[in-house]
Structure formats: C-alpha cells, structure tokens
1. Report every pair of residues separated by at least 6 positions or lying on different chains whose Cβ atoms are under 8 Å apart, first residue within region D:230-252 and within 14 Å of C:F249 (Cβ to Cβ), second of a type in the set (D, E).
2. Out of curiosity, is D:Q103 more than 20 Å from the chain's Cα centre (by Cα) and part of a helix (DSSP H, G or I)?
3. Considering only region B:171-289, give the helices (runs of 4 or more DSSP H) lying wholly within it that have at least 3 residues that are under 18 Å from B:A69 (Cβ atoms).
4. Does C:V53 fit the bill of being crowded, with 23+ Cβ neighbours inside 10 Å, away from chain D (no Cβ under 14 Å) and among the hydrophobic types (A, V, I, L, M, F, W, C)?
5. Condition first: more than 14 Å from chain D (Cβ to nearest Cβ) and open to solvent by 10 Å² or more (accessible area, probe 1.4 Å). Now tell me which residues in region A:103-115 satisfy that.
6. Can you tell me how many residues in region B:211-224 are open to solvent by less than 10 Å² (accessible area, probe 1.4 Å) and under 13 Å from B:L74 (Cβ atoms)?
7. Kindly indicate whether A:G184 is open to solvent by less than 60 Å² (accessible area, probe 1.4 Å) and in contact (Cβ under 8 Å) with a residue 40 or more places away in the chain.
8. Which residues, taken from region B:160-177, are under 9 Å from C:H166 (Cα atoms) and more than 7 Å from every other protein chain (Cβ to nearest Cβ)?
Number of protein chains: 4
Amino acid sequence: MKITDLSALLDSIAQGVNQGGPPKGRVADYIPALAAVDPSQFGIALATVDGEVIGSGDSDVRFSIQSVAKAFALALCLARDGEALWRRVGREPSGNPFNSLVQLEYEQGIPRNPFINAGALVVIDRLLAHTGDACATLVEFLRLEAGDSTIDVDLDVARSEASHGHRNAALAHFMASYQNLDSGVDVVLDHYFRHCAIAMSCRELARAGLILARHGIRADGSQLLTRSEAKRINAILLTCGTYDAAGDFAYRVGLPGKSGVGGGVLAVIPGRGCLAVWGPALDKHGNSVAGVEALDRFTTITGWSVF
Amino acid sequence: MKITDLSALLDSIAQGVNQGGPPKGRVADYIPALAAVDPSQFGIALATVDGEVIGSGDSDVRFSIQSVAKAFALALCLARDGEALWRRVGREPSGNPFNSLVQLEYEQGIPRNPFINAGALVVIDRLLAHTGDACATLVEFLRLEAGDSTIDVDLDVARSEASHGHRNAALAHFMASYQNLDSGVDVVLDHYFRHCAIAMSCRELARAGLILARHGIRADGSQLLTRSEAKRINAILLTCGTYDAAGDFAYRVGLPGKSGVGGGVLAVIPGRGCLAVWGPALDKHGNSVAGVEALDRFTTITGWSVF
Amino acid sequence: MKITDLSALLDSIAQGVNQGGPPKGRVADYIPALAAVDPSQFGIALATVDGEVIGSGDSDVRFSIQSVAKAFALALCLARDGEALWRRVGREPSGNPFNSLVQLEYEQGIPRNPFINAGALVVIDRLLAHTGDACATLVEFLRLEAGDSTIDVDLDVARSEASHGHRNAALAHFMASYQNLDSGVDVVLDHYFRHCAIAMSCRELARAGLILARHGIRADGSQLLTRSEAKRINAILLTCGTYDAAGDFAYRVGLPGKSGVGGGVLAVIPGRGCLAVWGPALDKHGNSVAGVEALDRFTTITGWSVF
Amino acid sequence: MKITDLSALLDSIAQGVNQGGPPKGRVADYIPALAAVDPSQFGIALATVDGEVIGSGDSDVRFSIQSVAKAFALALCLARDGEALWRRVGREPSGNPFNSLVQLEYEQGIPRNPFINAGALVVIDRLLAHTGDACATLVEFLRLEAGDSTIDVDLDVARSEASHGHRNAALAHFMASYQNLDSGVDVVLDHYFRHCAIAMSCRELARAGLILARHGIRADGSQLLTRSEAKRINAILLTCGTYDAAGDFAYRVGLPGKSGVGGGVLAVIPGRGCLAVWGPALDKHGNSVAGVEALDRFTTITGWSVF
C-alpha cells in the first residue's frame, strides 16, 4: 500500500472510533492520575521501516505508556544479558492472572515472562546492574529512537503508582526471598514505577518501536539486538504482550504487541513498520478497547498479519 | 527459494540429525506401543501451496500423530461451530502443566484452550454432536487432504492409550460435572483415544496441514474455514500448540505449530506451505528434540518465520 | 449430669429448634432423593458409654447418613491396615475446597485426609482389598453396633448419587492415574456411592458411634481399634470432620465430629458417650444448621467440650 | 497424678531425650542467630492451674520463642476485638504451605488463620491499632504472666529476622494491597519480627500459658478472655498450631499446642495446666523433634489428652 493510502486508512479508522456512542470500556482508576484522563481521546500512528511517520486523531498527545515500557526495557536488557537473561526470567505465557503468585512460588521465584509485573521487576533489576540507572537509560533510549529529547517520566503518575504499589512490592519482596533480585527492593520498585510513568505520543511510540520491526537496528543505524534477539522479543510480545488476552489479540490483530493500562498499544509489523494506538478506556483484561479495535481493522484491511 | 534448493535443504537437515551421537531426549514410554519406537528415525517433509511435496529421511514412515490430530479436530469443529465454540473452550495459553486441573476448577470446567487435553475432549464432544462419529469424520478428512485412503487409526495404540487413560478420564468426568460435555464420558474418551492414535507419515501430514497455510481452502479447492477462522487456528497454534514450550517454539521456529508425543510436529508457513517433521525422542515438554531442531534450522536458513 | 437431666436437655433443645421461624439453610439439592426431604424435621440422640440411649424429636427417623459413613469406614480400615494406611492417605486438614484437585496433583495422588472425598475413595479401596465387599462389611458392622439388623443402603439414593457422580469419578480416575487405587475405578465408585446412601436414625447413629467414645471397644465388648487408633480417629474428626468449617466446629462444639450432606452430625464425647443430631437444612459449608446449633447448646450447657 | 510423680516423669522424659544418639532433626538455619544454638539442649516444664511449676533439663534456659508468641498475641487481640477479629482473619486450617499465597489471593487478602504468618501479621496490626505498641504490650503481658520482669526481645534475633524477612514483607504488602493492614507495612513488620524474637525459658512459657488452661483467667486473677474466647483459642491451637503437622500433633499429643522454629512448643491441658518443652532441632514441618516426642510420652503416660 502507498503511504497516502495508509494515511487515509488511519484517518478513516480514527474517524470511526467512538462513532457508535461513548467509548466502551473503563479508564484505569486505581490511581487518580490515570482516572482523570478523558476517555474519548484517540490517536493512531504508523512508522514505516522506510522512515515515514503518519498519524491521525490525537496522535501527538502524550499519555502514560505504562506497561508498553516493558517491551523497551526488555530490549535494552536482552542486548546486555543475551541468553543469560533467561536464567532469571522465563519466556512462556503465564496463564491467567490468578496464577501470578502461585506460579512464582511453584517456580521458585522465577517469573514466567518479562511482561508480567514480576518479570518486569527482574528486567529492571538487571538493567540496574548493567547501567546503574535503569529508568534514565530507558528514557535516554526512547528520546533517541523517537527523536524527541523532551520525552520524560510523569512524576505525578510515578508517585501515584508508588503509593498504590503494595502488590508490586509484594512481588518484589517475594522474588528477593528467592534471591532473584540483586538490587534492593526499594530501588527496583522506584525505577519500575518511574519507567511505567514515561509519557509519549503515538507518533513517538511508533518511531521508537521501529527497532523491533527492523530486527534490532536503531534509529541511528547501529545494531542494538541481533536479528535473533529481536525475533525473540517479537515472539514474546505475541505470546505474552497483552496480559491474559494474548490469544485473542493474536487472532484479532495477528501482530506482536504490547499494551499498557494507560490505553496505549504498540504493534510490530516485522519488516514493515510499527503501529501505536491510544484510547484510554480499557476492557476487562486491561487492553484499550478502541486501540485493539483499530488494530483489528488496520490488519484486516491491509492483510498485514503474521498469520 | 526454488523447490530444488528446498529439497537439498531438507536432505541436509535430515543428514545432520543424530550426527553428533545418539538422539537426545526420550521416547514417550507411558504406553508400550510408543515406547517400542526406534528413536533414531527421522523424517521431514514440506508441502507448498503450489502443490509441491518434498521429503527427506523417513518421510514416508507412518507414526502415531497423537496431539497433532488436535489441530485438525479443531479445524473441523470450528468450521461447524464458528464463534459459538468459544463458549465451550477458551483460546488462551494455559501456563504450566501444574495448573491444568486447578485452572479447570477455577474457570468452572471451561478448558483454557483446545490443545490442552481437557480442551481437546470438548472439541471431540462438539464433533460428536455435529457428526455422530468424531473419529471417522476426522480420518475421512485426513485421507482426502493427504490424498491417501489407507490412513487409519492404529487400534493397538488406541487400546493402549485407553488402558492408561485415567488422567484423561478424570478430566472428562470433571468437565461433565460442570455440564461441559454433551455426549457420555465414555464415548468422548473412546473417540479421543482413537483420534490420537491415527498414523500418518510426514508427507501425508504436511499435505493435510496445507489447509491452514491456504487459510481454509481444502485440497479439492472447497473452503472449509473462513480466512479469519484459519488465522484464528494459526494464532492458537502459535500461542498454545507446543505444550508449555509455546514461547520457546515461537522464538526458535517462529511458526504456528502443533506437536505430539509420537514425535511429530506440524508447522504452518502461512501463505507458503506446511512442514511436518518426525523424531520420536522428546524433550521434557513432550516435543520432539530432533523435530524442533530441524524446524529451527529450516526457518533460520529460509527466513520463513512470521517474526 | 444425671440421665434424666440429659433427657430433659435433649427435649429442650429439640423444642428450641425452628422456634424462631422456618429452618435456616438449604436442603442438599444436587440429587432429587435428598432435595425432597422435609427441612423442618429434627432429631437428637445421646448414647452413653454406660449403655443408656436417649433421644428427642425425630430421633427414630432414618435419614441418609452420607459422609458420616466415612468415620466408620475409616475405623474398619484402620483396624485392618494400621499405620500402613497413612502411606495411601494423609491425615492433615485440607484447607479450602478450592484446593481439592490441586492438592491431589501437588501431592501426587495422595489425598490429604480420609474425609475429603478423594480420601474416602481410598479408604473404600482399602476396605475392598481387605474384605472383598466394602459396603456390605460396613452395613454389617453398623447393624451390630447399632443393634438393628434392618439398617441398609437406600438404593434410590445410591443410584441418584451415581448418576450425579462425575466429580467423584474424576477424583477416582485421577488417583488411579497415580496408582493410588488398587480395585477398578467403577467398583470403588459403586461401593462409595452405596456406603454414602446408608440410612440410619439418630439413635442408631449415636449407638454405633460409641466405639469411638469407648476408644475402640465394640458393642459386644471386643476391641476393634487400639486406644491409640481410636484417639487418632477422634483427632482426625476434630481437625477434618466438618469440611471447611472444622475450625469453627472445633470452637462452637469442641468435640470430634463428622457431618454429612443428609443433615446428620455425629459427635464423640471421649470417655462419655456419643451424640447424633439431624436437621436436613445445611449451611454453606454443607453442615446441618440445626445440628451444629443443637450440639453447640448441648456442650455449652453440659461443659462437655474437649477444650 | 501427684506433683512429685509428675516431677519424676519430667526428669525421666528429659533423661530419655537424645539417649539414642545425637538429636534428630535440624536447627533452624535461615538466620545466624538461630543456627548457632546447641541442638543437644532440652528443657521441659509443667505449670498447673493450682500454681505448681516444675521443670527438668534446661528448663531455665531462655530461647527464642518465635511463633509461640502468636498464641499470646492472639489472646491479647481477641480480648480487645472479640468476634470482630474474624472479619480480618480466618480460623480454619490452611492446608499445606504451598497454598499460603494462592490462598491469600483466592480469599482476597484474608489469611486463613492467626497462626500462619499472614494471619499473625494481621493480629499484630490489630494490636497496634488497639495499643499503639504491639510488641511492648505483649512483652509486658508475658512478664506479668510468667512473673519475671527481665523477659525481653532478643534484638540480635529480631534484626536478623528483619534482614531475612522478604517473604513476610511480601505477605504484608500483599495484604495491604487488599486493605487488610491499617498500620504501615514497615511498622507491622517491625513489631512482628520483634515479637517473634522474645526470649523465654520453658518454666516462664508454661506459666504464661496457664491463661489458656484457666480459660482466660490471668495470673493476677483478673479475666482477660471469656471462657468461650479461651476455648476458641484452644480450638485454633489444636487445628492450626503446629504448621502443616496439626493433624499429626493432634494425634500424637492430643492437646492444643503452638510450636516455634526456635524449638519451643507450648501445650495446653484445659483445666489442668500447661506444658512447655524446648529442643532446638526441628523436623521438616518446623516442629521440635525432641519437643513433640516429649509431649507424646507425657500425654501417653498421664492420659491427659483431650481425646
């Protein structure tokens, strides 16, 4: 498809959202900073491996990327640890949320994959060991990939997360009891909450995600990940990237993707480009209702599904 | 790649297997019929959507396809039930094996996906409701797709499975207690054990699997599944098709696939073709060691991964 | 207390039941035979180690003793197996019902105690191995202890149980998969369903239960169990005898006891006697509301709690 | 039995311990302070409701009472909260250790009983709400009941516990995530670790435990608990007081009891007195091998079991 056609498609998708009435789903309400977001906003952007970036709707509005950050943290960590990372965290789907703690207990403190919260804490712990400042390293990386040096952590959101973070604290202490955290629990949690609170727009996110579409090549042409490592991340995104709806997302969208409770979703089209969508209202699994719907329409029309 | 190059590649892969010594892994030994199989055998075959079928090694030797049958049973069932099927069985990865029963209890008798044993029993139950004879329907289908009317159930294997089938019987009764089986438990189990005992060669399996590579089009050109349904099955294969190693298989092979404890593995290359490999020795997850290794090499060299 | 005082106490308790309105709780309704029982009935009986038997209310009406039978089956089994029994079944509380299957899986087919259904199936399996006819042996034993040769299985109830018995069938097959059943699954289930369907009155039950109050001495003066074995059973009754309300029963009643979903409850007063109560309406844990209330009043007034 | 006979019995038991060779079991080694304790020590003491206190072996040596403290914390808490306490913590056995976290998750942050760690943390949280200083209140109580004002926390042990306390921290944060802790997580943990590190001798412990044998009457004759509340605690001790060996302890000893990983065990003989034993080497459940053996012999010889 030509880029002009794709641009028209994004416009069509953006116009279609919310036309049937108020947005379905509910904005994340466990912290005030997220609960206050207007649910009727919607943005979509596509960055291609050829360097084009197009967007529609609220594609320049920054939002809290939340768990989408985990995809980038994993990339930075895998680039440094290589296969050794998998001694600290698994790479298999986790089954349902109910299992989170029992799985951790059963498997002696090794989280099932890097995208459940326990696994993301381990990734942050590894990044801390490598860089000394996991969150700053990630922010710097995202600024360079997205080409905007003003990308930063929303400290209000980070503080709010921290003050409602007992469950993550429980996970961190539990893994520490199995010697699966090297840095202190408090330090790991601090970096974890802050990296979830990074604010980016759809356009920025789509550009940053290109590294996975280009199989490990950064914006400046250098290689962060081997082709094999980039494929590994795409495989984990597809099987584990959208909480307990990974199977459904794989079917509807058919692309590796990562969602966050801020309403953002990143989807990788290997070899072609990267999509970012944002709609704050979430389904029961924590995925953006409008976002998944938009991606579904996009891949149905373009045929750009991996299946 | 040209078909001659692909043929040379299959030969090279088949020759490479077992060169480093005796086969790694262990033949399934829970029933005598499977335990007696020579672990040094290896076959590989590729069927393309253009109609070419090439093979190497023991690609004409029939083996017990076991759980690979579940992929075809699901196709036949989804073609009849459509989306209504998902009221009876889920489509999400199941996490680790340990959870199988607790998950079933927690989710009130609805299996997590059609490829765990509990889910496959529900699929058989649905096929029974639609056809009256689930196993015969499946055998007839495989004969037509693979183009060989001698494909059949190995009754020795089926009887052996039945006599060691207490765990599957437990699953069936448990689902019956939640009213998630319509036919009698004994009937469902009988068809289940027999459909797992179908014997096919790699060439036959690769040809039969083309229906998924062709997005639902049968060998005779008729359409069994919609494009969307075929994609759904591929997505479930990728996320759930290889037991608790789905994440690892997604990474190493990067294709939708289904394995069986007979040592067979089917892998779908959407739009291109279908691979079948066979090596009886299994890893700890129940997947063929040589089979996964061969698929890994094939997709690494051809680049035909979905990621 | 004098026997006349005790008799007056039983009358007072029986008169107090249901005075505040219709019976609280719900009659077991998973099989028609139990669902049809009039919930306003109530019986209570006390048998003393001195040979007195007193009763009040519907203390001569026979009801389905259901799981109360498990206490007697355990006594007969322990008398034959001695300590070896504990290699086949545990003797610890099981936590909540949710755990039933996961516990069995986690502990490799060894049920946690003889009173959860899985454990009772093992006890029946052992009795079958010892006697050839577990149910007949139990009925004969109860006739002799209770002094009434007309005690028998209610075959309507047994058949009804069997036809709704998928969950027990699942448990039996599951244990068979771990080689923890010696007899066939169907035989074990048949005897299990029938032994639960034995019908007895409160007076009969109280007399039969005296063997535990007399620390193993039968009605004819012979010794079935050692003092130590009888104490063991009382300890298991106290910690495991009333489903997931064992802790609450221990507090309110303070006696070893066993309840059944037919509404009967047996309570042992070590060294003194045995109480049997019956009220068909059950609380959410499956224990008789009126029965537990009556036992609570009895032990509060007499002070005959073990604590 | 006369007190002189009981004294001779204690001597005989103390002499019998370790006679068959070095002590069986292993000293708790998760913190250095406990690992350094000489495992060959053994003490036993009996305090009667008549005011006699006799002891043998190392019955005046103080040791870390650890979880035995939970019995007293519960008493102080129940005296203040009454039945309202059970909205915050359950009173049923917990099944096996494996379930600890999944149970907490399944039951929405309400611990199953006051003696598992999660439950004891809630008890401390309640005591903090009532008294402002849970640990000081408990120490003061134990000093008065045991009649020795030098009883205190071993701060080395407390610090050591705190630095190895990730698992308890995980439990506390997890309950906080369900709003089942009112005080801050850190404050609750601090009091928890300290109250486990109280050091007492067998004689002191036996005297302090008399309050449960006297059904709630304190050493000074005042009433802390109602008779009913004291019975409740005894019932919980019997069903939940010795970790995952409650059923076995109920059988072998037949008394309400509470053990700690310091090797101490407290056993209540309702209406008669209280026993305390100490032997640092533990069985796999965390109960003192010599301690349980001594209690077994004591109750077998005296017949003072509740069954």
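1. Going by the 8 Å Cβ cut-off, the qualifying pairs are D:T239/D:E92; D:C240/D:E92.
2. Yes: the conditions hold for D:Q103.
3. B:185-196, B:202-213, B:227-240
4. Considered against the rule, which asks whether it is crowded, with 23+ Cβ neighbours inside 10 Å, away from chain D (no Cβ under 14 Å) and among the hydrophobic types (A, V, I, L, M, F, W, C), C:V53 comes out as no.
5. A:I110, A:R112
6. 3
7. no
8. Residues satisfying the conditions are B:A172, B:M175.
The values are calculated or read from the model by the stated rules, or taken from the named source; none is laboratory data. Note that the structure is a prediction, hence the values are computed from the model and not measured. Positions of Cβ are generated from backbone atoms using ideal geometry, with glycine treated the same way; all protein chains shown enter the neighbour counts. Ligands, DNA and RNA are stripped out before the accessible areas are found, and what is left, the full protein with its side chains, is counted by its heavy atoms. Shrake-Rupley method; radii C 1.70, N 1.55, O 1.52, S 1.80 Å.
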